[in-house]
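Here is the structure we will look at.
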Amino acid sequence: MLKQTSVFAVAVILALGALGLAVPDKPTSLAGSWQVDTRHSDAKLIADATTDYGKTKMNITLGFARVNGRVKIDDIDPTKSSVDLRIYPATSMSPSIDEDGKFLSLWLENVSNHTLVCFHSKKVVRTPDGRLQTTGELAVTRVDRNVEMTPNEAYAGPVYGPPVIHRVSREATFVFDFPAAAGNTQKESSIKASGSTGLFREDFPQLVRTVVSTYWPPVVQDENCQVPDANEAYSGSQCTGTYLATPGLPEAPHATNGEDLPGPPNFNALVGNHLTILVHVRLKAQASGDRAAAGN
């Protein structure tokens, strides 16, 4: 009976090949520790809005953010896997504040440096379609400072009060997609993955409010700047890279009197009832020395 079953299985595979049907490839070997390549990774932040004076609902991109972190995957036992990500404004290659709100005073000169969103998985399972479902703590850290501006003869600029640190966390779930094998079963040196989570304002109002009110500078992936030799035609550094632009809102209608005057206000409105975080990461295989350092 066993011999007949084996023969039948081989026959099925040959029949699929004859019909031109591809047998699914094994997934790329993901086992091991991976580091997020910040230069080639980003998070897209999406919220709900309205246009045409509230008549049409739409989703808008609030902006793009940088991402760093680590991913550990156990193919045999997915429950031993882990995902740790940090999402932050693109004013620097690394976060300007840490999860506890520690910072350098000069960082507070830029309002976009006040926000950090972190995800720490607590449970990882493999879904039937091969994706990784990660459930854990989603935390937002924000540093605020009161500003006093009293115009008078001795006015010398704004006076900043002491920093106020806010950190709030809730449970959230990210679902990640990983690529199929590219014709081999060996572990790749780098792979691309994407993940997403969505939440409503009533479930995590602090996060939604903070993300909506934060300024997210444009992200330039794989930025490379060259400083040319100084000469009479010197025009500064020349930079290349992939610019992630945020699409603008629909343009409000103008007055019909022929003059270039704006129409009534509130043509577009940001609602902010829900927030979606789309993460696109390139993962680099983490060397054993890096793993040892990360564990200390």
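Odds and ends about this structure:
- Residue list for the stretch 54-100, filter: touching a Ser or Thr at 6+ places or on another chain (Cβ under 8 Å), assigned to a loop (DSSP other than H, G, I, E, B) and among the polar types (S, T, N, Q): Ser81, Thr91, Ser94
- Restricting the stretch 248-284 to residues that are at pLDDT below 90 and small (Gly, Ala, Ser), the residue that is surrounded by the most Cβ atoms within 10 Å (Cβ to Cβ): Ala252
- Of the residues contained in the stretch 209-220, one or more are found to be touching a Leu at 6+ places or on another chain (Cβ under 7 Å), of a type in the set (A, V, I, L, M, F, W, C), assigned to a strand (DSSP E or B) and modelled with pLDDT under 95.
- Selection count where residues are of a type in the set (Ser, Thr, Tyr) and within 19 Å of Val143 (Cβ to Cβ), scope the stretch 64-92: 3
- Subset of the stretch 51-69 (residues that are crowded, with 17+ Cβ neighbours inside 10 Å and either acidic (Asp, Glu) or more than 24 Å from the chain's Cα centre (by Cα) (or both)): Thr51
- Here is the figure for the stretch 40-77: residues that are among the aromatic types (Phe, Trp, Tyr) and either over 26 Å from Val219 (Cβ atoms) or in contact with a Gly (Cβ under 7 Å, 6 or more places away or on another chain) (or both) total 1.
The values are calculated or read from the model by the stated rules, or taken from the named source; none is laboratory data. In this text the structure is predicted, and so the values were computed from the model without any measurement. We place every Cβ from the backbone using ideal geometry, glycine too, and count neighbours over all the protein chains shown.
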